[in-house]
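Scroll down for the structure; my scribbles are underneath it.
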Amino acid sequence: MATEVMSIDVYIPRDSSALSLGAEAVAQAIASEARARKIDLNIIRNGSRGMYWLEPLVEVVTAYGRVAYGPVTVRDVPGLFDAGFHTGGTHKLGHGVTDDLQFLKSQQRVTFERVGITDPVSVADYVAHGGYQGLRQAFSMSQADIVQAVTDSGLRGRGGAAFPTGIKWKTVLDQQTPQKYVTCNADEGDSGTFADRMLMEGDPLTLVEGMTIAGLAVGATQGYIYLRCEYPHAQKILNEAIAAAYQARYLGADVMGSGRRFDLEVRLGAGAYICGEETSMLESLEGKRGEIRVRPPLPAIKGLFGLPTIVNNVITLASVPIILAKGATFYRDFGTGKSRGTLPIQLAGNIKRGGLVERAFGLTLKELLYDYGGGSASGRAIRTVQVGGPLGAYIPASQFDVQVDYEALSAIGALLGHGGIVVFDDTVDMARMARYAMEFCAIESCGKCTPCRIGSTRGVEVMDRILKGVDTDRNLQLLEELCETMLQGSLCGLGGMTPFPVTSALKHFPEDFRARARH
Ligand SMILES: Cc1cc2nc3c(=O)[nH]c(=O)nc-3n(C[C@H](O)[C@H](O)[C@H](O)COP(=O)(O)O)c2cc1C
Ligand code: SF4
């Protein structure tokens, strides 16, 4: 009797970052080399594990777990086969069992538990790894109880404002209208952030499930994912995952045989930073120019097409399934103070080991930068980090002991935003970074209010004079007054928060601004 030869599972990411580093060509080279050597491989295109310095990371399933090789190039492929990588053989690119790598082992992957593990567009794989347990649980609960569970979990919006998600949902639930909407903010415009993209490309069904639970909770039957057009791979994967969910009846007229409807669509934004602000996002979703709406009314009361609407970030919505599946207390037990749960932190910029670290709130910046990040990529001292995107404050090295949570960062005049950390070494010119903040605001301003539209352009001019060492004292005073005007008078966070990077750079690195006058 012939013995059945089992094919070997090999995982190669289809995540954008891995693709940008050659993952597609590596996948093709591995497939053709396997054919030539008559080795039966089953190539699965997964998401990234979030260790970007090792991408493209190829993993092979062995009896003792998944074994990692990376960063793999097409040239490495024949040598990998010669070394028997497909059975976990030793090779200079080998890192041993992936789950034993310190970078991953010390994390608390809750929202990202399946990212990089499963086939992102397979409903069967998703369900086999605990998917749809949250929705199943939600169907056994009243709408008010679902909202209460989200409130009790302590989940706060991960898009930047950190507003309690349960309170937002309750406002939508309380509105008496026949139609409501669930919208997902996947605009992810902050510099150095990629958690939304990584999740959408690595485990999109978690987002689909989270949005379905949100719809069930507040009585909405239609959901939209507002995705930035610069994410074409995420768009493709999301659409494949949504089609698979419809096929398996996890979306549509009769979700999980409940008789309840939930439909979901991806809509593309045109790539303006301001379209990430929730009211501009709603304008854009309605097909209009992305411009701020004056609040009140809140989107929860009068949102998309004037109807009650949930607007939540990708990570917020993707955190909901596990809260329902494992209970509010499970989630709440992570974290510190009023910052409950876990946060996917993104390490970017001048960092040796850039990538995604999901941990409970409360670890320090220092741990992130050195234990996870391994210090700067250049090998020089880290001088500062900008946390929370282009509108976040610069934090100097003397404050790297700060805990990463909403309150601790706010206490030092910083903000956490979407959890992106951009690293700069000691060659950075902070006056140039301050100019950059003003320039960014001038380019991205929607133009609706004067302090932002005019102020940011004047800010660039003032910074140019400071950079040239012209009348430094007077121009520095003017800069501070301008920042105060933008802070107090802007209609939304873009103009209102642009002063944060500028004033933090001035406060912590005054020598970079004054040195110009001396020279
Ligand atoms: C200028 C500006 C840009 C923003 N960009 C984003 C974004 O790209 N993604 C996001 O989720 N939230 C962004 N926000 C925050 C949203 O306005 C809103 O608070 C968030 O989508 C609500 O979801 P959450 O409660 O789940 O965080 C931005 C806010 C401002 C002021
Ligand atoms: S602060 Fe800027 S982006 Fe916001 S409404 Fe005013 S002009 Fe528009």
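The table that follows gives values for the structure above.
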{"item": "Net charge contributed by nearby residues that have their C-beta within less than 11 Å of residue 491 (K/R +1, D/E -1)", "result": "+2"}
{"item": "Over region 211-271: Kirkwood hydrodynamic radius from C-alpha pairwise inverse distances, Å", "result": "12.1 Å"}
{"item": "Largest to smallest accessible area among 44, 454, 315 [probe 1.4 Å]", "result": "454, 44, 315"}
{"item": "Relative packing of 494-506, 392-404, which averages over residues the other C-beta atoms within 10 Å, highest first", "result": "494-506, 392-404"}
{"item": "Unsatisfied cross-links (Cα-Cα over 21 Å) in the set 180/302; 170/302; 288/448; 180/338; 105/366; 105/352", "result": "180/338"}
{"item": "For region 123-332, alpha-carbon Rg over 2.2 N^0.38 Å", "result": "0.93"}
{"item": "Surface accessible to a 1.4 Å probe, residue 508 within the full protein complex, Å²", "result": "50 Å²"}
{"item": "Helix-derived mean residue ellipticity, 222 nm - over the chain, DSSP H n ≥ 4, -39500 (n - 2.57), to 500", "result": "-11500 deg cm²/dmol"}
{"item": "For peptides 77-88, 151-162, sequence by mean Cβ density within 10 Å, most packed first", "result": "151-162, 77-88"}
{"item": "For region 8-105, accessible area per residue (1.4 Å probe, heavy atoms of protein chains only), Å²", "result": "42 Å²"}
{"item": "Net +/- balance of residues flanking residue 157 in space, Cβ distance below 15 Å, scoring K and R +1, D and E -1", "result": "-1"}
{"item": "Where labels lie 7 Å past Cα in the beta-carbon direction, separation of residue 239 and residue 371 in nm", "result": "4.3 nm"}
{"item": "Computed magnitude of the charge dipole of region 398-456 (debye, nearest 20; Cβ of K, R +1, Cβ of D, E -1)", "result": "460 debye"}
{"item": "Intensity falloff of region 430-514 expressed as log10 I(q)/I(0), Debye formula with alpha-carbon point scatterers, at q = 0.12, 0.26 Å⁻¹", "result": "-0.28, -1.27"}
{"item": "For residue 48, distant residues with modelled amide H under 5 Å away", "result": "15, 116"}
{"item": "Rounded to the nearest 10 Å², the accessible area of residue 338 at probe 1.4 Å", "result": "150 Å²"}
{"item": "Rough spin-label spacing in nm, given labels placed 7 Å along Cα→Cβ, for residue 87 and residue 289", "result": "6.7 nm"}
{"item": "Stretch gain in nm, segment residue 338-residue 101, where the contour uses 0.36 nm per residue and the Cα spacing is subtracted", "result": "82.2 nm"}
{"item": "For the chain, the fraction of alpha-carbon pairs in successive 10 Å shells from zero, as %", "result": "4, 18, 27, 25, 16, 7, 2, 0, 0, 0"}
{"item": "Beta bridges by DSSP in the chain, antiparallel share as percent, to the nearest 5", "result": "55 percent"}
{"item": "Dipole magnitude (debye, nearest 20) for region 123-332, charges at Cβ of Lys, Arg, Asp, Glu", "result": "460 debye"}
{"item": "Span from the region 337-392 Cα centroid across to the region 303-321 one, whole angstrom", "result": "27 Å"}
{"item": "Calculated FRET value between residue 31 and residue 267, using beta carbons and R₀ = 30 Å, to 0.05", "result": "0.30"}
{"item": "Percent RCO, i.e. relative contact order, over region 8-105, from Cα pairs under 8 Å lying at least 6 residues apart", "result": "29 percent"}
{"item": "Counting all C-alpha pairs of region 250-312, share separated by more than 14 Å (%)", "result": "61 percent"}
{"item": "³J(HN,Hα) computed for each position of region 193-202 - Karplus, 6.51 cos²θ - 1.76 cosθ + 1.60, integer Hz, glycine/proline x", "result": "10, 7, 5, 4, 4, 4, 5, 5, 8, x"}
{"item": "Total formal charge among the other residues, if their Cβ is under 14 angstrom from that of residue 407, Lys/Arg +1 and Asp/Glu -1", "result": "+2"}
{"item": "For region 213-246 and region 166-197, distance of Cα centres in Å", "result": "12 Å"}
{"item": "Sorted peptide list for 275-281, 66-72, criterion being average Cβ within 10 angstrom, highest first", "result": "275-281, 66-72"}
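The values are calculated or read from the model by the stated rules, or taken from the named source; none is laboratory data. Since this is a predicted model, take the numbers as computed values, not measurements. Note that each Cβ is placed from the backbone with ideal geometry, even for glycine, and that neighbours are counted across all protein chains shown. Each accessible area value is taken on the protein alone, full model and side chains, heavy atoms only, with ligands, DNA and RNA left out. Shrake-Rupley method; radii C 1.70, N 1.55, O 1.52, S 1.80 Å.
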